[in-house]
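Step one of this worksheet: look at the structure below.
We did not get these values from a lab; they are worked out from the coordinates using the rules stated. The shown structure was predicted, so the numbers you read here are calculated from the model rather than taken from an experiment. Cβ atoms come from the backbone with ideal geometry, glycine included; neighbour counts cover every protein chain shown.
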Amino acid sequence: MSENIKEPLFNLLHSMKRSLRQAIEVDDLGITPLHMRVLKIISFYNQKVTANDIVQKTLIDKAQLARLIKELIGLGYVSKLDNPNDKRSYYLGISGEGEQIVKQLSTAENRVNEIMKSGLTEQEIADFARLAKQMAHNLNQHNE
């Protein structure tokens, strides 16, 4: 009988999100893990990324992403910049304060990553990464 992998995966995801939230709250950043993900993408592609680019990279719903961007702009972490190639869209840029937040987020994320990997061998970590990528690929192929 094949083991149901759904429950252990949900438990892992829940634990990881909780740990990230705790790490973020400890640093008093006031944003969620999803904000963190979007902010890091904007930082990486600073002034060269649109909301549609982020939707394609993350598969976040457009309406949800629009709310997240509005919140990040309201917090002063992100700004909208004119897109000279398309007047209907805009590029997203990160502020100096936003960059500082990304640095704090990266530190918190690295702490959580190290905690998750504790007690595992390099081979187990590599196997998990390979399996998780394959499972995501399987689901993405199924949903196309």
### Task
Taking amide H positions as placed in the peptide plane 1.01 Å from N, state which residues far from residue 90 in sequence (5 or more) or on other chains have amide H under 5 Å from it.
51
### Message
Under 28 Å between alpha carbons, and skipping anything fewer than 8 positions from residue 117 in its own chain: which lysines qualify?
### Response
6, 17, 40, 57, 103, 133
#### Entry: Of the DSSP H helices in the chain, those whose Cα atoms cover at least 27 Å axially and whose Kyte score averages -0.5 or more
6-26
### Query
How many percent of the alpha carbon pairs in the chain exceed a separation of 27 Å?
33 percent
### Query
Under unit Cβ charges (Lys, Arg +1; Asp, Glu -1), what dipole magnitude, rounded to 20 debye, does the range 6-143 have relative to its Cα centre?
440 debye
### Task
Return a whole-number percent for the relative contact order of the chain, with Cα pairs under 8 Å and 6 or more residues apart as the contact set.
23 percent
### Query
How would you rank 19, 43, 89, going from fewest to most other Cβ atoms within 10 Å of each one's own Cβ?
89, 19, 43
### Task
Order these peptides, 90-103, 63-76, by their mean beta-carbon neighbour count within 10 angstrom, highest first.
90-103, 63-76
### Summary
residue 9 neighbourhood, Cβ < 13 Å, K/R = +1, D/E = -1, net charge 0
#### Entry: Gained length - residue 55 relative to residue 5, 0.36 nm times residue gap less alpha-carbon distance
15.3 nm
### Query
From the residues 22, 89, 60, which one has its Cα farthest along the dipole of the range 6-143 in the positive direction, the dipole being from +1 and -1 charges on Cβ of Lys/Arg and Asp/Glu about the Cα centre?
89
